[in-house]
Every structure is written in structure tokens, then in C-alpha cells.
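So the structure is just underneath, and the comments pick up after that.
None of the figures in this text is laboratory data; all of them are computed from the coordinates on show. A quick note: this is a predicted structure, and the numbers were derived from the prediction, not measured. Because the Cβ atoms are built from the backbone with ideal geometry, glycine has one as well, and the counts that use them run over all protein chains shown.
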Amino acid sequence: MSQDPQSEYYDIGGLETVDILKAKLTPEQYRGFLMGNALKYLCRANWKHPEPLRDLDKCGMYITLLRKTF
């Protein structure tokens, strides 16, 4: 799913953590969690890394998950 080799870890390990959080949160809390993370990675994409691809990949993942909740 990711085009950045550094993001492969996130695609594999990160989604299991998101599934655990989804099980523990209310639907509203889960949507807020996804929205907050999408905004975080979108806002820091140009500042955190010289190449913003990794944070943009993460942002896209959270937006995709958020779309599935509606």
C-alpha cells in the first residue's frame, strides 16, 4: 500500500494497533482519533521529513479508515 519503504513498518504493525483502539473506543471517539491523526500527519508532512511521502502515506491511511466509518 505504501510507496515509501520506511512506511512498510507502519502498514504492517500500525494497523493492528488501530484495530485494538477501534475495539476499545466508542464510534465517535474512534472517528475523532482517525481525524486527529490524519490532521497531524498532514500538518507536519513538510516539516518532519525532508521528503513528506511517509507522513502523507500515514495521512492517507487514516483518511481511508475514516471514510469507512461513515
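Rounded to the nearest Hz, the phi-derived 3J(HN,Hα) couplings of region 55-67 under the Karplus curve 6.51 cos²θ - 1.76 cosθ + 1.60 (θ = phi - 60°) are 5, 5, 4, 5, 4, x, 5, 5, 5, 4, 5, 5, 4, where x marks glycine and proline. Across region 37-42, coupling constants 3J(HN,Hα) worked out from phi with the 6.51/-1.76/1.60 Karplus curve, θ = phi - 60°, read 5, 4, 5, 4, 5, 5 Hz, and Gly and Pro carry x. Electrostatic tally near R31: other residues with Cβ closer than 12 Å to its Cβ, Lys and Arg +1, Asp and Glu -1, net +2.
Rank by packing, highest mean first: peptides 27-33, 60-66, with packing defined as the count of other Cβ atoms within 10 Å averaged across residues.
60-66, 27-33
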